[in-house]
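To keep things clear, I will list the structure first and then write my remarks on it.
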């Protein structure tokens, strides 16, 4: 664990521009010599990085507990599928509608519960995720296909060229991931991003300073939900078959672990968390039953040794370790 921490510390000292360019070049070139299986694994990794960044807005920046995020992922996928199957809308044209529907449900569900905090908010989001999954399983309005889901979804097409191979879907998803990273970075350094961090650190103090905490938290939920809907639509276009399992609780748990174990408040942490929670279990299938056991042991060990995550933001790391500078008491100044 000490070696891993030293490696992460060295990477953090590198100019961000260099590792961003390096990661982009690696992401573009790596799938070229690989087979379709590993290209599919890379596509899944990129998709879950997108999902992790969407939850990162809610958990990492605003500091809110969200354990029903997979519901919005599923809503985006079903919106894409229904528009394509019933109205023959091309997959790429369904993307904005998937974002809007997921964001709308994010607004409608979270607006009445934003006065809740901590564990209470977490429990309500879990309940919402289960309500969405059960609604899909029970074939509400007769359009969701029940437990069998929906099949026969078209694949995306660009200028008449149908994207069938895994590598094409990988590059399509990578394109949207690059846009997502740019947008999340801009949000982090915006006025809204600073307001999220104030709410995360001390909601009462933020409200006393004039920040509309309800509006700020609502925007975090709406933006995060909309991005999850986009990832769901990309999933539907790649797999062409969707089911209520997309909205199951375990998916939300995996996404939550991606953000928290990777490092809250840190975009690189989402990448690290995705590699540990999604990519590593996929490429270690040969371990069979031992795979989940070793992964669980590694998670417990890491949370004991490094509770702030593998690659947290410096601010979150100081908060958890108690290294934030505290004002010197007046009597201490007089004694000096």
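The values are calculated or read from the model by the stated rules, or taken from the named source; none is laboratory data. Keep in mind it's a predicted model, so treat the numbers as computed, not measured. Every residue, glycine as well, gets a Cβ built from its backbone with ideal geometry; the counts of neighbours run over all protein chains shown.
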inquiry  = Anything in segment 146-183 that is out of contact with any helix residue (DSSP H, G or I) (no Cβ under 8 Å at 6 or more places or on another chain), touching a residue at least 24 places away in the same chain (Cβ under 8 Å) and not in a helix (DSSP H, G or I)? List them, or say none.
reply    = 151
message = It is to be established whether one or more residues within segment 31-44 are surrounded by fewer than 15 Cβ atoms within 10 Å (Cβ to Cβ) and in contact with a helix residue (DSSP H, G or I) (Cβ under 6 Å, 6 or more places away or on another chain).
response = yes
remark   = Within segment 184-197, restricting to residues that are without any contact (Cβ under 8 Å) to a residue 12 or more places away in the chain and not in a loop (DSSP other than H, G, I, E, B), the one that is farthest from residue 211 (Cα to Cα) is 186
ask   = Listed residues 99, 132; which is assigned to a helix (DSSP H, G or I) and modelled with pLDDT of 95 or more?
value = 99
ask   = Can you spot a residue in segment 102-116 that is within 18 Å of the chain's Cα centre (by Cα) and outside any helix (DSSP H, G or I)?
value = no
request  = Return yes when residue 267 is on the phi < 0 side of the Ramachandran plot, crowded, with 22+ Cβ neighbours inside 10 Å, in contact (Cβ under 8 Å) with a residue 60 or more places away in the chain and in contact with a strand residue (DSSP E or B) (Cβ under 7 Å, 6 or more places away or on another chain) and no when it is not.
outcome  = no
ask   = Is it fair to say residue 77 is buried (at least 24 other Cβ atoms within 10 Å of the Cβ), part of a helix (DSSP H, G or I) and out of contact with any strand residue (DSSP E or B) (no Cβ under 6 Å at 6 or more places or on another chain)?
value = no
